[in-house]
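Have a look at the structure below, then the notes.
The values are calculated or read from the model by the stated rules, or taken from the named source; none is laboratory data. Small disclaimer: the values here were computed from a predicted structure and weren't measured. Because the Cβ atoms are built from the backbone with ideal geometry, glycine has one as well, and the counts that use them run over all protein chains shown. Heavy atoms of the whole protein, side chains included, go into the accessibility calculation; ligands, DNA and RNA do not. Shrake-Rupley method; radii C 1.70, N 1.55, O 1.52, S 1.80 Å.
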Amino acid sequence: MSAKSLISTNPNALIPLFFILLLIPLSPSSNFVNSARTLSSLHKSKVRTDESLTFLWPLPAQYTFGNQTLTVDPNLSLVLGGRKAGNSNFITEAFMRYKSIIFKHPSKESASGFKYDITKLSIIVHSENEELQLGVDESYSLLVAKNDGHSIIGEVTIEANTLYGALRGLETMSQLCVYDYESKSVKVFKAPWFIQDQPRFQYRGLLLDTSRHYQPVEIIKQVIDSMSYAKLNVLHWHIIDEESFPLEVPEYPKLWSGSYTKWERYTVEDALEIVSYAKLRGINVMPEVDVPGHAESWGKGYPDLWPSPSCTEPLDVSKNFTFDVIAGILTGMQEIFPFKLFHLGGDEVNTDCWTSTPHVAQWLEEHNMSTRDAYRYFVIKAQEIALSHDRIPVNWEETFNTFPSKLSPETIVHNWLGPGVCPKAVAQGFKCIYSNQGVWYLDHLDIPWENVYYAEPLEGINNASLQNLVIGGEVCMWGETADASDVLQTIWPRAAAAAERLWSNREATSSGISKLQPTFRLEYFRCLLTRRGIPAAPVKNYYARTAPPGYGSCYEQ
């Protein structure tokens, strides 16, 4: 009885992949750094002529490969194994999505009697739990080998502890499958492959700003699809800002009067659809409600939130109504966004309106508060509201820079102003997200991909226990100059550079490895994105998202 039949008929009688690894011949390049260098040298010598070269992005933690070429059956079937995995539609739907990606081109009918090397894909998942939260196990093992009829193993097996690890394995498998235009068939080159993979950081994010420019739901779905291809796992949805308030909040239905127009809004159903769509791709959605600054649009529907009609920001700190609205927003969002992390902003707060508005100035005097005290009061009160809704507050670094000892110990500090903040935050026991604007702000069009790639979230942190407090990082797509016409070109391919930094082992992506190696792989990944319908800009542009300077191959731009 083969391993696959064992999997399909007896989910408890599984052959661990680490044991299978002992049974198949492996490439001598078993070290992942050496494997990366081997692929690099192959590419440097034969980049134009050898179409069998295989490049993976992000680079897996460990992998081996060989020299065989395997054919893949266009009628590839799925075999499910593991604890009750067969009862879940989750993996079946994911398999069908990736099957449509792998077999995007029609395959030529094979000759009578032709036998494909790969006809089945076995997925073994050890947990039926579909909950998606920060820290979910995304590890997986992937085996791609030819079944010669004599071995107990063969073809393709993905093994993971969770559904989300299996998703990551499917993405890697899809990148191994290449359409061969000569034979009009899908092949896997450099087999057998054995991959053991897991992310370096648990939080690998992309901020999408839909306040400065409205992004249609279909564009947001394209962003989510593209994130899954690079194994990013958190969409930081900056829904609201001073320019517009496009989200429906049933508790306060006039809030979305702050949208640009009635056609540039997100209903509750839209938001639920986005969250559901993201979950099926292993991506959490973290909403941001930036307070007390960046909130002028709130007052379009509820003018009492403004200090005065002529002084509209920050929100009025003196009124209980302000905090009632914040609580109402969190109550509504709690039903939409199951992710425990909730971003409360807190950045760039100019308090001049508080001192220039008589009733707010009087309130400050009565409470013996300076504007700095009132800023702290507002942030802490908003944090208390979030915590009462079972949410973990995330705040931009200004809150930590101004009053670190007053913040909730649950606070996750979000760096953006520059380097050196995460080392200070973790030294005081806070968790931190790295988003240094000098390297990871995608709206800065003159930041080359190399600067994005070699930025290190753990820079300046040498203690292992403190390093663990850096939960990851995030590239930020602020929307002042990005709308539906150019947002994807601005995100990609530079976001992929950060995605590999956050997923792959630091040793495999360090500057000690030739810069040619990630360049070739990123060019290949950029073209993979375009083949999948994501309009990623050329890699080598001086300014991001600009058109190619002239004719040429996708793989050399």
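Arrange the peptides 236-243, 218-225, 249-256 so that the one whose residues have, on average, the most other Cβ atoms within 10 Å appears first.
236-243, 218-225, 249-256
Could you check how much of the accessible area of the chain is carbon and sulfur, as a whole percent, using a 1.4 Å probe?
Exposed carbon and sulfur together represent 50 percent of the surface.
Can you check how the C-alpha radius of gyration of the range 203-504 compares to 2.2 N^0.38 Å, as a plain ratio?
That works out to 0.97 for the range 203-504.
Give the accessible surface of the range 171-309 per residue, rounded to a whole number of Å², with probe radius 1.4 Å and ligands, DNA and RNA excluded.
Per residue, the range 171-309 has an accessible area of 30 Å².
With a 4.7 Å Cβ cut-off, tell me which Cys residues in the chain come up empty for a partner.
CYS177, CYS476, each lacking another Cys Cβ under 4.7 Å.
Restricting things to Cα coordinates, could you compute the convex hull volume per residue of the chain in Å³?
Roughly 155 Å³ of hull volume per residue.
Residues with amide H under 5 Å of GLN68's amide H, sequence separation 5 or more or different chain, H placed in the peptide plane at 1.01 Å from N; which?
Close amide H contacts, sequence-distant or interchain: LYS190, ALA191.
What number, in nm² with one decimal, is the all-direction average of the projected area of the convex hull of the alpha-carbon atoms of the range 405-511?
It is 7.5 nm².
Under 17 Å between alpha carbons, and skipping anything fewer than 8 positions from LYS540 in its own chain: which lysines qualify?
Partners found: LYS515.
To the nearest Å, what is the center-to-center distance of the range 520-557 and the range 441-489, using C-alpha atoms only?
19
Pull up the cross-link candidates among the lysines for LYS300, meaning alpha carbon to alpha carbon under 27 Å and not fewer than 8 places away within one chain.
Counting by Cα, and skipping residues close in sequence, LYS300 has these lysines nearby: LYS254, LYS262, LYS319, LYS381.
Please give every one of the aspartates and glutamates within straight-line cross-link reach of LYS431, meaning a C-alpha to C-alpha distance under 20 Å, and leave out same-chain neighbours fewer than 8 residues apart.
Qualifying aspartates and glutamates at Cα under 20 Å: ASP137, GLU288, ASP290, ASP347, GLU384, ASP390, GLU397, GLU398, GLU410, GLU456, GLU459, GLU474.
Over the heavy atoms of ASP483, what accessible area does a 1.4 Å probe trace out, to the nearest 10 Å²?
Surface accessible to solvent at ASP483 totals approximately 50 Å².
Report for the range 203-504 the percent antiparallel among DSSP-assigned beta bridges with both residues inside it, nearest 5.
Looking only at bridges with both residues in the range 203-504, the antiparallel portion is about 5 percent.
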